[in-house]
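Contents: one structure, followed by commentary.
Nothing in this text is a laboratory measurement; each read-out follows from the coordinates by a stated rule. Predicted, not measured: the structure shown is a model, and the values here were computed from it. Here the Cβ is made from the backbone with ideal geometry for all residues, glycine too, and neighbour counts use every protein chain on show.
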């Protein structure tokens, strides 16, 4: 079946540090891949996406590249801010019909000043 | 747009009681999803609807859980009887279905505590 595995948190970084949150997936065919972010007390919201191999999704300084050969979609940011503190979810969706997203367990990021 | 509206925000109840969670999706969205979030299991899809019809309820943990969507603007998730292991944050989300399936809009969730 389809599944997403992401690194366990929590991740604690100092402001301006480099961020990597690992995500790998298992899927039949070639899914679309996503990162969602959940700020404290809120629901999830889409951060970025990539729909095919070698695509790079980017938003708000975050980037992730769809790597078919390693079945990975790692999230990166060059310089994190305190406001980036949140839980980050990697997700996939089959590219056929209106199928629901499959989420990873989430990785909590805390950025300290 | 008010976004996805869930109620109540917090629910504290005793084991054995019935719990009803409510959701109002974004107007015009034709897909609605119920998720449960716990520390141990992360975010789990319980059930989803397309055009008010339940499509996949395989994530519903057991018969104590039921969900309905009587019309395009309202859905409920009911737990009867509730148990302490049901304690979690329950999220409702909606989307435009085939037109933009990945653009899920989440409500703020209902924090359920079963004592």
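Separation between the residue B:72 and residue B:18 pseudo-spin-labels, each 7 Å from Cα along Cα→Cβ, expressed in nm?
So the label points at residue B:72 and residue B:18 sit 2.9 nm apart.
GNM, chain B, Cα, under 10 Å: largest mean-square fluctuation among B:85, B:22, B:64?
Maximum among the listed residues: B:85.
So how far, in whole Å, is the C-alpha centre of segment B:55-115 from the one of segment A:1-44?
22 Å
Computed FRET efficiency, Cβ-Cβ of residue A:56 and residue A:5, R0 22 Å: what is it to the nearest 0.05?
0.60
Using a Gaussian network model on chain A with a 10 Å cutoff between Cα atoms, which of A:62, A:89, A:73 fluctuates the most?
A:62
Springs between alpha-carbon pairs under 10 angstrom, Gaussian network model over chain B: which of B:62, B:11, B:44 fluctuates most?
Result for chain B, Cα springs under 10 Å: B:62 fluctuates most.
Taking the Cβ of each residue in B:27, B:94, B:7 as the centre, tally the other Cβ atoms inside 10 Å and list the residues starting with the fewest.
B:27, B:7, B:94
Which three semi-axes in whole Å describe the equivalent ellipsoid of chain A, each the square root of 5 times a Cα gyration tensor eigenvalue, listed largest first?
Equivalent ellipsoid of chain A: 24, 14, 12 Å, largest first.
Hey, for a label at residue A:30 modelled as a point 7 Å past Cα toward Cβ, could you say which residues of segment A:69-98 have their backbone N under 20 Å away?
Within reach of a label on residue A:30: A:69-74, A:91-98.
So how much slack lies between residue B:111 and residue B:39, counting 0.36 nm per residue of separation and subtracting their Cα-Cα distance, in nm?
24.6 nm
Neighbour counts of other C-beta atoms within 10 Å: give me B:60, B:39 arranged from fewest to most.
Fewest-to-most Cβ neighbours within 10 Å comes out as B:39, B:60.
Averaged over peptide A:41-47, how many Cβ atoms belonging to another chain are found within 10 Å of each residue's Cβ?
Average per residue, whole number: 6.
Counting only DSSP beta bridges with both residues in chain B, what percent are antiparallel, rounded to the nearest 5?
90 percent
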